[in-house]
């Protein structure tokens, strides 16, 4: 059974096509009718989200198909607490329609993401902090929950040698104005992978990216399990492969892949951020895999640009706190 959104989409598209064929309208009238019908569809999608309806197929026989490109929703999600949605500063129609990328919480004030997520399209020019917001604490893109946190960005950092055409050094950091509140359940920081992992290590990618190439984005975050591939396999399938990159996929099921909108999100292996979603050939294409920024290649950069740029705590306050604690012993 198709969801209400899917049925409405098909009906509206059929209606639009019928109007264009049957009525002799000028171009501007066709455009106005198209905009009217499109806005009806956007409103219907929003109302479905408000009522906690699924925006994707959810039949028992079709469960976990065509999600994040070949992904699934776990019954108990232990990973979403590490992930944020990076968005524009103001949504256009409804909450969550301005989702751009994913990111990982690596400290209460530091979000790890991809450089192309914090720059203008196909450019090295950084966005302004006021252009972005960070949403944490929820698996839902469209509906705020009790644990949802919306945070402003204080500073944007991208790798100085980032190359937008080849995705080399595709790594960036967002420093937040205020600390994220970590409760360990809905929100928690994640550790960085410190050692390269062997090929065929099983990992998980999660995000709100498109469920197929140029397809819709889901409301609820989706997961896909992939495997780290050998360097020679990664290198043989693109001329962009270089130091600081890695690739991952599932040779037995090429549908399993990250997609547009997952960029900047984490590739989590053994409980740590191992890769950052960077680029790929469309989504879920046979003989192709997803490419990631290799976190272990940038540990020094992350420490220097993430943690060392935070404002230092006042030393006197630390001394006073230490004296207070000693007196309480």
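Quick one: if you stick a label point 7 Å off each Cα along the C-beta vector at residue 178 and residue 239, how many nm between them?
So the two model labels end up 5.0 nm from each other.
Stretched out fully, how many nm does the piece from residue 202 to residue 77 gain, at 0.36 nm a residue minus the Cα gap?
43.3 nm is the gain from fully extending residue 202 to residue 77.
So how far apart, in nm, are the two label points at residue 146 and residue 225 if each is 7 Å from Cα heading toward Cβ?
If labels sit at residue 146 and residue 225, their model points lie 3.2 nm apart.
May I ask you to give the average projected area over all directions of the convex hull of the Cα atoms of the range 74-171, in nm² rounded to one decimal?
So the Cα hull casts an average projection of 7.1 nm².
Say each of residue 300 and residue 185 gets a label point 7 Å from the Cα, pointing the same way as Cα to Cβ; how far apart are those two points in nm?
Calculated label separation equals 4.3 nm.
Each reported figure results from applying straightforward, stated rules to the coordinates on display, with no laboratory input. Because the structure is a prediction, the values reported are computed rather than measured. Cβ sites come from the backbone with ideal geometry, for glycine too, and all protein chains shown count toward neighbours.
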